[in-house]
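Working notes, beginning with the structure itself.
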Amino acid sequence: MHFYQIWIKPNELGITPRYKQKAFDKSKNKTLILSPDAQQDSLKVYQDMRLWLYRDIANETFSFESGRKAYIQVVRGKLEIESSQTQPFIIETSDGIMC
């Protein structure tokens, strides 16, 4: 991925819009890109959220705290999602889904 732009509404008033650019280690499969406290050398975001980059997500399992949601976007390729609440489905390049 060369350039990926997203807009996130801040959880505080008066935050000046900003632009940051950073190169991340391409050898890592899982990289934290955004977090509210800039942990693991991620960029700081003014929101209670985390943005992860996975280069290979095969056979990964995720769970979320009650009331939390995830947005999954496939930048390249396709991904089959199995859920205890729905039938398995596939999302492909540029597709996104909230779960």
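The values are calculated or read from the model by the stated rules, or taken from the named source; none is laboratory data. Just so it is clear, the structure is predicted and the values come from calculations on it, not from any experiment. Note that we place each Cβ from the backbone using ideal geometry, even for glycine, and neighbour counts take in every protein chain shown. In case anyone asks, the SASA skips ligands and DNA or RNA and just uses the protein heavy atoms, side chains included. Shrake-Rupley method; radii C 1.70, N 1.55, O 1.52, S 1.80 Å.
In a shell of Cβ-Cβ distance under 13 Å around PRO36, excluding PRO36 itself, what net charge do Lys and Arg (+1) and Asp and Glu (-1) give?
After counting each charged neighbour, the total is -1.
So how far, in whole Å, is the C-alpha centre of region 60-99 from the one of region 11-41?
Rounded to whole Å, the Cα centres lie 21 Å apart.
Run the 1.4 Å probe and let me know the accessible area of SER94, rounded to the nearest 10 Å².
90 Å²
Using a 1.4 angstrom probe on the protein heavy atoms only, line up PHE62, PHE3 by accessible area, largest first.
Sorted by accessible area, descending: PHE3, PHE62.
Count charges around ILE90 for me, please; just the other residues with Cβ under 11 Å from its Cβ, Lys/Arg as +1, Asp/Glu as -1.
Cβ neighbours under 11 Å give a net charge of -3.
Restricting attention to the alpha-carbon atoms of the chain, what are Rg (one decimal) and Dmax (integer), both in Å?
Every Cα atom of the chain included, Rg and Dmax give 14.8, 43 Å.
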